[in-house]
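The values are calculated or read from the model by the stated rules, or taken from the named source; none is laboratory data. What you see is a predicted model, and the numbers here were worked out from it, not measured in a lab. Glycine also receives a Cβ, built like all others from the backbone with ideal geometry; neighbour counts cover every protein chain displayed. Ligands, DNA and RNA are stripped out before the accessible areas are found, and what is left, the full protein with its side chains, is counted by its heavy atoms. Shrake-Rupley method; radii C 1.70, N 1.55, O 1.52, S 1.80 Å.
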Amino acid sequence: MARRRKIYEGKAKILYAGPEPGTLVQYFKDDATAFNNKKKGVITGKGVLNNRISEYLMMKLGEIGIPHHFLRRLNMREQLVREVEIIPVEVIVRNIAAGSFCERFKAKEGTPLPRSIVEYCYKSDELDDPLVSEEHITAFGWAAPQELDDMLSMSLRINDFLSGLFLGAGLKLIDFKLEFGRLFEDDMVRVVLADEITPDGCRLWDIETGKKLDKDRFRRDLGDVSEAYQEVARRLGLTPEAGPRD
Ligand code: UDP
């Protein structure tokens with residue numbers, strides 16, 4: 001690890017230069033933040049679990065033809081990914097009202113939406129990730145119209161696929177956030193799924209009890225935060241019974 005050159009340190013991950021050109025190593029930390037960095041904490045074991053959960057979900061999405069940056073998991077906390085140019089837009093897909101959506105529309109948490117709703121936020125800590133429209137994204141050149149089309153169609157396919165996958169694990173996919181990047185390959189550029197897919201960026205509720213098994217347990221001090229991440233991994237069949245170890 002010490003030999004690696006740090007490229008970027010984010011809230012939950014560190015990016016290092018990879019072993020070959022065009023690759024990066026994503027290191028998953030236990031650190032958690034919420035409310036635009038105003039709340040900080042540590043969720044013990046989260047990095048190990050998220051590394052494994054994201055590996056699994058990216059591989060599954062790859063199997064249905066979603067292009068992504070993931071190459072392979074290296075160890076408990078690190079994965080090798082393709083280097084991409086991150087598009088500064090977060091795509092949020094919502095199936096059920098929760099979080100900021102409820103505040104914005106005075107909606108009751110847990111209300112099913114008439115159809116899946118896609119929202120975009122501009123990635124900017126300084127501006128607190130404001131909600132933006134397709135017009136802002138293309139006018140400011142954050143993404144080209146064709147890139148945005150690709151992001152939208154991939155996000156809807158991902159939502160359909162992951163909703164079914166989680167349902168099979170007794171979990172309801174309430175909403176989630178995706179990030180995409182530009183992959184440059186021999187004079188070609190295409191948009192691929194990037195970042196991570198983990199309970200840090202998804203809301204997952206138990207299908208029977210409605211219990212929250214995601215970062216809302218940290219945001220709202222609901223307790224059993226590590227246990228919730230462990231439960232998601234367990235239901236996806238990803239943890240040995242003894243639980244994760246470093
Ligand atoms: N989300 C995220 N990062 C962000 C904002 C949102 O991962 O910077 C995820 C969040 O975990 C949830 C979904 O996107 O699954 C919708 O989040 P919302 O807009 O309701 O914001 P929140 O209430 O989480 O601040």
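To keep it simple, each residue is scored yes or no on (1) in contact with a Ser or Thr (Cβ under 6 Å, 6 or more places away or on another chain); (2) within 12 Å of the ligand (Cβ to nearest atom).
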residue	(1), (2)
Leu178	yes, yes
Gly181	no, no
Val189	no, no
Cys202	no, yes
Gly210	no, no
Asp224	no, no
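Which is within 12 Å of the ligand (Cβ to nearest atom) and open to solvent by 60 Å² or more (accessible area, probe 1.4 Å), of Arg157, Arg220?
When all the criteria are applied, what remains is Arg220.
Which of the following residues is among the acidic types (Asp, Glu), within 16 Å of the ligand (Cβ to nearest atom), under 26 Å from Val191 (Cα atoms) and crowded, with 16+ Cβ neighbours inside 10 Å: Glu83, Glu90, Glu78?
Checking each option against the conditions leaves just Glu90.
Would you check if there is a residue in the range 94-108 being within 13 Å of the ligand (Cβ to nearest atom), open to solvent by less than 60 Å² (accessible area, probe 1.4 Å) and within 15 Å of the chain's Cα centre (by Cα)?
The answer is yes, given that some residue of the range 94-108 is within 13 Å of the ligand (Cβ to nearest atom), open to solvent by less than 60 Å² (accessible area, probe 1.4 Å) and within 15 Å of the chain's Cα centre (by Cα).
Quick one: how many residues across the range 131-149 are under 23 Å from Ile96 (Cβ atoms) and open to solvent by less than 80 Å² (accessible area, probe 1.4 Å)?
Number of matching residues: 2.
What is the residue count in the range 178-202 for residues that are in contact with a strand residue (DSSP E or B) (Cβ under 6 Å, 6 or more places away or on another chain) and open to solvent by less than 30 Å² (accessible area, probe 1.4 Å)?
Counting residues in the range 178-202 that are in contact with a strand residue (DSSP E or B) (Cβ under 6 Å, 6 or more places away or on another chain) and open to solvent by less than 30 Å² (accessible area, probe 1.4 Å) gives 12.
What number of residues within the range 29-53 satisfy the criterion of being buried (at least 21 other Cβ atoms within 10 Å of the Cβ), free of Cβ contacts under 8 Å to residues at least 60 places away in the same chain and not polar (S, T, N, Q)?
Number satisfying all stated conditions: 1.
Of all residues in the range 166-176, count the ones that are open to solvent by 30 Å² or more (accessible area, probe 1.4 Å) and either within 16 Å of the ligand (Cβ to nearest atom) or touching a residue at least 24 places away in the same chain (Cβ under 8 Å) (or both).
Residues meeting the conditions: 2.
Select from the range 54-73 the residues that are touching a helix residue (DSSP H, G or I) at 6+ places or on another chain (Cβ under 7 Å), open to solvent by 50 Å² or more (accessible area, probe 1.4 Å) and assigned to a strand (DSSP E or B) and list them in ascending order.
Of everything in the range 54-73, just one residue is touching a helix residue (DSSP H, G or I) at 6+ places or on another chain (Cβ under 7 Å), open to solvent by 50 Å² or more (accessible area, probe 1.4 Å) and assigned to a strand (DSSP E or B), namely Arg73.
Just to verify a result, which residue in the range 1-53, among those that are part of a helix (DSSP H, G or I), under 26 Å from Ser124 (Cβ atoms) and not polar (S, T, N, Q), is farthest from the ligand (Cβ to nearest atom)?
Looking at the filtered set, the residue picked out is Gly47.
For the range 84-130, name all the residues that are free of Cβ contacts under 8 Å to residues at least 24 places away in the same chain and in contact with a Ser or Thr (Cβ under 9 Å, 6 or more places away or on another chain).
Ala97, Cys102, Pro130 - these are the residues of the range 84-130 that are free of Cβ contacts under 8 Å to residues at least 24 places away in the same chain and in contact with a Ser or Thr (Cβ under 9 Å, 6 or more places away or on another chain).
Can you tell me which residue is farthest from Pro130 (Cα to Cα) among those in the range 23-41 that are of a type in the set (S, T, N, Q) and modelled with pLDDT of 95 or more?
Restricting to residues being of a type in the set (S, T, N, Q) and modelled with pLDDT of 95 or more, the top hit is Thr23.
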